[in-house]
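Quick notes on the structure that follows.
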Amino acid sequence: DTGVSQNPRHKITKRGQNVTFRCDPISEHNRLYWYRQTLGQGPEFLTYFQNEAQLEKSRLLSDRFSAERPKGSFSTLEIQRTEQGDSAMYLCASSVGAGVTDTQYFGPGTRLTVL
Amino acid sequence: DAKTTQPTSMDCAEGRAANLPCNHSTISGNEYVYWYRQIHSQGPQYIIHGLKNNETNEMASLIITEDRKSSTLILPHATLRDTAVYYCIVRTSGTYKYIFGTGTRLKVLA
């Protein structure tokens, strides 16, 4: 059973650098979601895709953030010109994309530390 | 804002049932209640979901009140590995995103 995978698991970068994270969803899951989680808080929604189409973006997703899902399979989340406030766990989830309930399954996350 | 409220923390003795409450007084008729848990430094793990009937799976039971304004997640025989933050989520009808609250930090005591 292959769940959602995320790479890298940890990333340390200096302020001002660009970083890119990758998410591989569960096979045949049409929807893919990105969330961000800071210490002591629940995850916050960033964006989601239905196949390759990005259908919703949170106001949290500033101009420095961009997400893609070019072939409707894996997705990347890029942060340009990182700031210390970007330090967080970035979580990816996927769901089948059908039915009323459409349960999301989460990956292990990528922990970003901006120095 | 999250549509749910949960106690900040709870303790439970190992081997006893853990009952985690959740209030969702503004839930609409077709909105489901989902429960996830998050063990330290891991991604949230799906536990169970329900609409209005009680549900049970290999991990837990979900009891939803008749008016659907609250629910209880029951872990029948808590173990130390159940120590985690438990999130109750009501996904707003018409959207696919989850809005998490701060959850309940459950500590299972030996």
From the option list A:Glu28, A:Glu78, single residue qualifying as in contact (Cβ under 8 Å) with a residue 40 or more places away in the chain, assigned to a loop (DSSP other than H, G, I, E, B) and of a type in the set (Asp, Glu) is A:Glu28
Return only the number of the condition from (1) in contact with a helix residue (DSSP H, G or I) (Cβ under 7 Å, 6 or more places away or on another chain); (2) part of a loop (DSSP other than H, G, I, E, B); (3) of a type outside the set (Phe, Trp, Tyr) that A:Leu112 does not satisfy. (2)
Could you check the range A:96-109 and list, in sequence order, the residues that are surrounded by fewer than 21 Cβ atoms within 10 Å (Cβ to Cβ) and either touching a helix residue (DSSP H, G or I) at 6+ places or on another chain (Cβ under 7 Å) or facing another protein chain (nearest Cβ under 10 Å) (or both)? A:Gly97, A:Val100, A:Thr101, A:Asp102, A:Thr103, A:Tyr105, A:Pro108
Can you find, within the range B:49-63, the residue that is farthest from the other protein chains (Cβ to nearest Cβ) among those that are open to solvent by less than 20 Å² (accessible area, probe 1.4 Å) and modelled with pLDDT of 95 or more? B:Ala60
Pick from B:Tyr36, B:Tyr46, B:Tyr32: which is modelled with pLDDT under 95 and of a type in the set (Phe, Trp, Tyr)? B:Tyr32
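Could you list, in sequence order, the residues of the range B:76-110 that are among the aromatic types (Phe, Trp, Tyr) and at pLDDT below 95?
Taking the range B:76-110 as the starting set, the residues that turn out to be among the aromatic types (Phe, Trp, Tyr) are B:86-87, B:96, B:98, B:100.
Correct list: B:Tyr96, B:Tyr98, B:Phe100.
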Boolean, A:Leu77 is at pLDDT 95 or above, open to solvent by less than 10 Å² (accessible area, probe 1.4 Å) and within 12 Å of another protein chain (Cβ to nearest Cβ): no
Of all residues in the range A:37-56 being touching a Lys or Arg at 6+ places or on another chain (Cβ under 8 Å) and hydroxyl-bearing (Ser, Thr, Tyr), the one that is farthest from the other protein chains (Cβ to nearest Cβ): A:Thr47
Looking for something open to solvent by 10 Å² or more (accessible area, probe 1.4 Å) and more than 14 Å from chain A (Cβ to nearest Cβ) - is there at least one such residue anywhere in the range B:83-98? yes
Identify, by number, the condition in (1) farther than 17 Å from B:Tyr46 by Cβ; (2) out of contact with any strand residue (DSSP E or B) (no Cβ under 8 Å at 6 or more places or on another chain) that A:Gln80 doesn't meet. (2)
Can B:Thr4 be described as within 13 Å of chain A (Cβ to nearest Cβ), out of contact with any Phe, Trp or Tyr (no Cβ under 7 Å at 6 or more places or on another chain) and open to solvent by 80 Å² or more (accessible area, probe 1.4 Å)? no
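The values are calculated or read from the model by the stated rules, or taken from the named source; none is laboratory data. Predicted model, so just to flag it, every value in this text is computed and none were measured. Glycine gets a Cβ as well: all are built from the backbone with ideal geometry, and neighbour counts include every protein chain shown. These area figures cover heavy atoms from the full protein model, side chains too; ligands, DNA and RNA do not enter into them. Shrake-Rupley method; radii C 1.70, N 1.55, O 1.52, S 1.80 Å.
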